[in-house]
Amino acid sequence: MKFVLAIACIAASGAPTAPTVVYPLDLHSGDAFPGGDRGFVFLRQGPGEDHPFVAYRPDGSLAYRVRLPGVVTDAAFEADGSAAVALSGTTATLLLLNPDGRTALKVTPTAFQPNRVAFAPDHTLWILGSVQPEGGGILRHFSRDGTLLSSYLNRPSISDSTDRAGRAHLGLSREHVGIYDPARREWTELDFEGHITGHWILPYPEIDQGALPEPPPAPRFQGFGFTRNGQLFARIFGAGITVQRFDKRTLKWQPIGEPGSFLIGVNGESLMLATTTVPLRVTTLLP
């Protein structure tokens, strides 16, 4: 099935701030929804699928289409197009890819399964993963040459939830690392020295039934975004799909953007929001 993915930069007022960019995505049945980071868009394979890892540049052109030795669980991009890719499979692996998709470095951490990955402002890597017993912290900090710099949070491994709590998440602002633990429904922020600076139990947002003929389904988290200026956002399914901002002071959620949008990633201080219409359209929104 072929979709066209269009990206436009939209200000909070709704006015476009950049030309629309079209991505001719060739999505196979069963593919996960596209992911995004720094304006790059990528497709992950689902478990057991034999599809390539596909990445598109911010201008809509194809960066590369490569087959990797495992299932892609997450990817992060640098401005030049180089990428870090977390793989699951027979051997847990972290790959660093050149801007043309060639493998620059393969890292196989001991007793650690990389699940989420993000680049820091200093170009080092932060990895959220699962550990074997006595395997160390679930949050790891790596240099670009694959050297383990630090290990934090010696706690039970974080895994995706099959209920309302959603998937685990890792994001970086200019000053903090943020992680979401579905089992605790908890958002935790640490500074780059590994000190916890705050944590919040995320409430499910209230849904206004309004004129709905019957009670809406219980709200559930379907994805998160942590922007460079430290704001937390979530894609929430309830009475439809909304993207909402979390106020850490009032512990309330505030809807933003158009209803029906999917949050697929962040680009600096902006959100990458997609719709499920054909052609598939992604809006970069500055909240």
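Can you tell me how many residues within the stretch 138-160 are surrounded by fewer than 17 Cβ atoms within 10 Å (Cβ to Cβ) and modelled with pLDDT under 90?
First, the residues of the stretch 138-160 that are surrounded by fewer than 17 Cβ atoms within 10 Å (Cβ to Cβ): 143-150, 154-156, 159-160.
Keeping just the survivors that are modelled with pLDDT under 90 gives 154-156, 159-160.
The qualifying residues number 5.
In the stretch 123-131, is there at least one residue being under 20 Å from the mean Cα position of the chain (by Cα), exposed (fewer than 14 other Cβ atoms within 10 Å of the Cβ) and modelled with pLDDT of 90 or more? Looking for residues that are under 20 Å from the mean Cα position of the chain (by Cα), exposed (fewer than 14 other Cβ atoms within 10 Å of the Cβ) and modelled with pLDDT of 90 or more, one finds at least one in the stretch 123-131, hence yes. Within the stretch 169-196, the set of residues being more than 18 Å from Asn154 (Cβ to Cβ) and either among the β-branched types (Val, Ile, Thr) or not in a strand (DSSP E or B) (or both) comprises Ser173, Arg174, Glu175, Pro182, Arg185, Phe192. No other residue among Pro259, Pro205, Pro213 is at pLDDT 70 or above, more than 20 Å from Tyr180 (Cβ to Cβ) and assigned to a loop (DSSP other than H, G, I, E, B) apart from Pro259. Residues in the stretch 72-92 that are buried (at least 17 other Cβ atoms within 10 Å of the Cβ) and β-branched (Val, Ile, Thr): Val72, Thr73, Val85. Scanning the stretch 149-181 for residues that are farther than 20 Å from Tyr204 by Cβ and more than 17 Å from the chain's Cα centre (by Cα) yields Leu149, Ser150, Ser151, Tyr152, Leu153, Asn154, Arg155, Pro156, Ser157, Glu175.
The values are calculated or read from the model by the stated rules, or taken from the named source; none is laboratory data. These numbers were taken from a predicted model, which means no experiment stands behind them. Neighbour counts are summed over all protein chains in view; Cβ atoms, including those assigned to glycine, are modelled from backbone coordinates with ideal geometry.
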